């Protein structure tokens, strides 16, 4: 997309440069507010300061002696730390409108500071033609600033305020986004139109927004490997990784060459009793023991998050890794044939209530259908979506939203 900056007349360059210098100074003043990465009106994964520019069409106040105007706008945005989905923006507008009386032009420059709040990413059902429709973020804004009018050669500056809103459409390249918006801009002004003390102009605009992160997605802190829920520590304690220490000797099972050492016995780095002689040959494998009784790690009435069960973004399609986890869950449920199973789906707080409820329901049903395909009697399985209800963590952080997007199971008495 190419943005053309129109030079309205010879001195408009001087006016634009002056206002842009003011814009740069204001940007420097508010940079200190961005103390940490924060979610804001950006493509997800590119929560960084951003710049935008585009075309704007103005519908001027009906009392003006001029037609609708055309111009360009530029904005610089700064995500606010500690305020979910919010940003401060500096917006510059430069436009001109032809006068009815003689065809010459009047001009307007505006420099505004806006508070912007987006309402999360919205999508469409991942079936049929609707899956091809673009995702979008609706947003609202309000701000104040200065407006300079140049009417019939008379230049004057006035205080102004504006309200607006629009839609941001994330694009699949380098965090770019298409931004459309509408604004209503009011100013206290008794000079441009005789007999009027204020004017209200309206603008529609479309442009391109670019994250100032050099095209690279903001890195996330690597998460510890998660285990399937069928793998539990011998003491029943919850774990976030796959390295249990079953004999509590300080050496994880994955490295322990002498499992089952007595608790409190000093061991070496291999988990064997300190000072024990190292055998030259491996210990012969004993004959296989009799099969253990079929048991399940789940307690009746307790809810268990299915760690490692994930879906493709904004869909109910299970990832390949998730299927491996559900295979273990199916094995455990097969050992609990006397109980029914409730499957609950949840989302984070992003997106609308109805959309989240439908998405969580489809995800719970996807887990139910997969378990049924692995031999669990379908009549034992009940799927229910709860949307953003019952959050496990704060929805204000990326890590918290990750915890809240989950599927849980619970054994219930038949």
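Data for the structure
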{"item": "Value of relative contact order over segment 135-191, rounded to a whole percent, pairs C-alpha under 8 Å and six or more apart", "result": "34"}
{"item": "Per-residue Cβ neighbour rank within 10 angstrom, fewest leading, 258, 335", "result": "335, 258"}
{"item": "Gain in span if fully extended, residue 124 to residue 339, counting 0.36 nm per residue against the direct Cα distance", "result": "73.8 nm"}
{"item": "Residues in segment 50-91 that a label on residue 196 would reach, taking backbone N under 13 Å of a point 7 Å out along Cα→Cβ", "result": "59-69"}
{"item": "Segment 318-414: relative contact order as a whole-number percent, Cα under 8 Å and 6+ apart", "result": "40"}
{"item": "Share antiparallel - DSSP beta bridges, segment 311-414, percent rounded to 5", "result": "65"}
{"item": "Fewest-first ranking of 413, 206, using other Cβ atoms within 10 Å as the exposure measure", "result": "413, 206"}
{"item": "Cβ-based exposure ranking for 151, 157, in which fewest neighbours within 10 Å come first", "result": "157, 151"}
{"item": "Length gained when the stretch residue 320-residue 140 is fully extended (0.36 nm per residue, less Cα-Cα span)", "result": "60.9 nm"}
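Throughout, read-outs are computed from the coordinates displayed, never taken from laboratory work. Values in this document were obtained by computation on a predicted structure and should not be read as measured data. Here Cβ is always computed from backbone atoms with ideal geometry, including for glycine, and neighbour counts include all displayed protein chains.
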